Amino acid sequence: MSALTPVASKTMLFTTLALIAFAGNSVLCRLALAGHAIDASSFTVIRLLSGAMILMIIIMLRGDRRASSSRGSWSASMMLFAYAATFSFAYISLDTGTGALILFGAVQVTMILLSLYAGHRLHAMEWTGSGIAFMGFVYLILPGISAPSPVGFTLMAGAGIAWASTPGQADTRSLH
């Protein structure tokens, strides 16, 4: 087997780091909400405000005047809020692993549907992978298989749809 190219190695490293960060996000949210140390609304507000403060610090450190004078996007802001709120409320009734699977499944399904809607066509391997993932998703929600709470499932699926639908996030050109 041949060695990975530098680009492939870098892609694998950043993909792994992103997946670890996403999983950590779910674990931290679940830990905060599990002990009832904070309610979902307060947790969401703290998450969004702390994220905004970090972005402001990054912009100031970079000295990027264009970013600080940008008007932003109301639709992106609303989708971010929808994601954060439904994510937090979903974890009141979902286990960490189940919530993460639902979230990432919903993100992938939404991005694939947006890609198809935009006129892109999936290759055979992409259809195969999507089919296998969908079968796992169906298995997860079957009655009697420790199916997740319907409310938690719906909220987390909504979080995934909001995440994938955020303007700029759903750039379907990056799928191919």
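Bear in mind that the values in this text are calculations on the coordinates, not laboratory data. Nothing here was measured: the structure is a model prediction, and the numbers come from that model. Please note: Cβ atoms are built from the backbone with ideal geometry, for glycine as well, and neighbour counts cover all protein chains shown.
Fewest first, what order do 96, 110 take by the number of other Cβ atoms within 10 Å?
Arranged by neighbour count, lowest to highest, 96, 110 become 96, 110.
Arrange 132, 92 by Cβ neighbour counts within 10 Å, fewest through most, would you? Let's see the in-between values first.
Values: 132 10, 92 16.
The order, fewest Cβ neighbours first, is 132, 92.
Counting other beta carbons within 10 Å of each Cβ, put 125, 78 in order, fewest first.
Ordered from fewest to most neighbouring Cβ atoms within 10 Å, 125, 78 come out as 125, 78.
Given bins 5 angstrom wide, list per bin the percent of all Cα-Cα distances in the stretch 91-167, short to long.
3, 16, 23, 24, 17, 10, 6, 1
Taking the Cα centre of the chain as the origin, how large is its charge dipole in debye, to the nearest 20, when only Lys and Arg (+1) and Asp and Glu (-1) carry charge on their Cβ atoms? Don't jump to the answer; show the numbers that get you there.
On the way: 9 positive and 5 negative charges, 108 e Å.
Roughly 520 debye, rounded to the nearest 20.
Using Cα pairs under 8 angstrom and six or more residues apart, how large is the relative contact order of the stretch 6-175, in percent? Could you put the intermediate results ahead of the total?
Values: 136 pairs, mean separation 52.9, N = 170.
Dividing the mean separation by the residue count of the stretch 6-175 yields 31 percent.
Could you tell me what % of all Cα pairs in the chain have separations over 21 Å? Kindly include the intermediate steps, with their values, before the conclusion.
Details: 9084 of 15400 pairs.
Here the long-distance tail beyond 21 Å is 59 percent of all Cα pairs in the chain.
Using DSSP to define loop residues, name the trypsin sites (Lys or Arg not before Pro) in the stretch 14-115 whose beta-carbon has at most 12 other beta-carbon atoms within 10 Å.
Values: sites: 30, 47, 62, 65, 66, 71; in loops: 71.
Of the trypsin sites (Lys or Arg not before Pro), the ones in loops of the stretch 14-115 whose Cβ has at most 12 other Cβ atoms within 10 Å are 71.
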